[in-house]
Amino acid sequence: DDGIGVDRKVAKGTKNILNHPAMTEDEFNSAFQAGYERVKHYVKQGINLFSFGEMGLGNTTTSACVLSALTGADPTETVGPGSWPNKPDLMKRKIDFVRAVLDKHKASIVSDSEAERVRKIVAHVGGFDIAAILGAMLACVEFKKPFVIDGFITAVAAACAVHMNDRVKDYALPSHNSREKGTELALAEVDITQDMVPIQAHMSMGEGTGAILMVQMLKTTQHMFVNVGTFADLMKL
């Protein structure tokens, strides 16, 4: 602990997923466990609501890889602009990249166990961020604590989590409608439709920004529910 965060570095980046699995099984387990343990730690301190976010460049690409592998959706349905909107040539290159990655790893990400299939998908074409958030979300389910989904990357982690434990649907709360194309598909895996998403602001920042806004909205709603007077109270004045 350094006042900002907790160092749980697994490695200095994942491997080139065009040529190799993103991470080893041990690296996946380390990242997954890091997320799980942080939730467990804060549950013991009395925290009853969690929100998730991430930071990074390139992780909309890995998230698109994971979502396509998880659902079978074509990369044209999962790839978005990321940090570079209005660049069609870059979008085409990104789609082609995701398609090539899926072709490279398709034989390695199958399993009779759905939970094991998810683990293989994240380990082969995902990132440490997704693995850690996945572990954290499943911990929330185990300890019966609701959590707020942020943008595309965390929505993909939630989609992975629900494939490992269907009860994730009972604890996952949406925050905002990301402009990333695959977000709607990822949320649909958690049975969250667009009319259930409170903040429709076409956001694309990530980093937990939408989740934090949603947490504040929940706190405001709770405060009003508990403290605001009723019409009957007004009539007594």
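Every number in this text was worked out from the coordinates using simple rules, so none of it is lab data. Worth saying up front: this structure is predicted, and the values here are computed from it rather than measured. Every residue, glycine among them, receives a Cβ derived from its backbone with ideal geometry; neighbour counts consider all protein chains shown.
I'm trying to understand the selection: among the residues of the range 31-53, which are in contact with a helix residue (DSSP H, G or I) (Cβ under 7 Å, 6 or more places away or on another chain), part of a helix (DSSP H, G or I) and of a type outside the set (Phe, Trp, Tyr)?
Ala31, Gln33, Ala34, Gly35, Arg38, Val39, Lys40
Being touching a Lys or Arg at 6+ places or on another chain (Cβ under 9 Å), more than 22 Å from Gly151 (Cβ to Cβ) and charged (D, E, K, R) is the requirement here; does Glu25 meet it?
Yes: the conditions hold for Glu25.
Out of all the residues in the range 117-140, is one or more surrounded by fewer than 16 Cβ atoms within 10 Å (Cβ to Cβ) and on the phi < 0 side of the Ramachandran plot?
Of the residues in the range 117-140, the ones surrounded by fewer than 16 Cβ atoms within 10 Å (Cβ to Cβ) are none.
No, every residue in the range 117-140 fails to be surrounded by fewer than 16 Cβ atoms within 10 Å (Cβ to Cβ) and on the phi < 0 side of the Ramachandran plot.
How about the range 117-150: which of its residues are closer than 19 Å to Ala186 by Cα, out of contact with any His (no Cβ under 7 Å at 6 or more places or on another chain) and without any contact (Cβ under 8 Å) to a residue 60 or more places away in the chain?
Arg117, Lys120, Ile121, Val141
Among the numbered conditions (1) more than 24 Å from Ala115 (Cβ to Cβ); (2) part of a helix (DSSP H, G or I), tell me where Glu27 comes up short.
Checking Glu27 against (1) more than 24 Å from Ala115 (Cβ to Cβ); (2) part of a helix (DSSP H, G or I), the one that fails is (1).
Tell me the residue from Val122, Val110, Val118, Val156 that is under 23 Å from His20 (Cα atoms) and touching a Leu at 6+ places or on another chain (Cβ under 6 Å), please.
Of Val122, Val110, Val118, Val156, the one residue that is under 23 Å from His20 (Cα atoms) and touching a Leu at 6+ places or on another chain (Cβ under 6 Å) is Val156.
List pairs: first residue in the range 170-194 and in contact (Cβ under 8 Å) with a residue 12 or more places away in the chain, second residue of a type in the set (D, E, K, R) and crowded, with 21+ Cβ neighbours inside 10 Å anywhere in the structure, Cβ distance under 9 angstrom, at least six positions apart or on different chains.
These pairs meet every condition: Ser175/Asp150; His176/Asp150; Ser178/Asp150; Ala186/Glu180.
So which residues in the range 182-237 are of a type outside the set (Val, Ile, Thr), surrounded by 18 or more Cβ atoms within 10 Å (Cβ to Cβ), closer than 28 Å to Asp74 by Cβ and touching a helix residue (DSSP H, G or I) at 6+ places or on another chain (Cβ under 8 Å), if there are any at all?
Gly182, Leu185, Ala186, Leu187, Glu189, Met203, Gly206
Residues checked against (1) touching a residue at least 12 places away in the same chain (Cβ under 8 Å); (2) loosely packed, with under 15 Cβ neighbours inside 10 Å; (3) touching a Ser or Thr at 6+ places or on another chain (Cβ under 7 Å):
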{"site": "Thr14", "(1), (2), (3)": "yes, no, no"}
{"site": "Phe32", "(1), (2), (3)": "yes, no, no"}
{"site": "Tyr36", "(1), (2), (3)": "yes, no, no"}
{"site": "His41", "(1), (2), (3)": "no, yes, no"}
{"site": "Gly53", "(1), (2), (3)": "yes, no, yes"}
{"site": "Thr60", "(1), (2), (3)": "yes, no, no"}
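Quick one: how many residues across the range 180-215 are touching a Lys or Arg at 6+ places or on another chain (Cβ under 8 Å), in a loop (DSSP other than H, G, I, E, B) and more than 11 Å from Ala159 (Cβ to Cβ)?
Number satisfying all stated conditions: 1.
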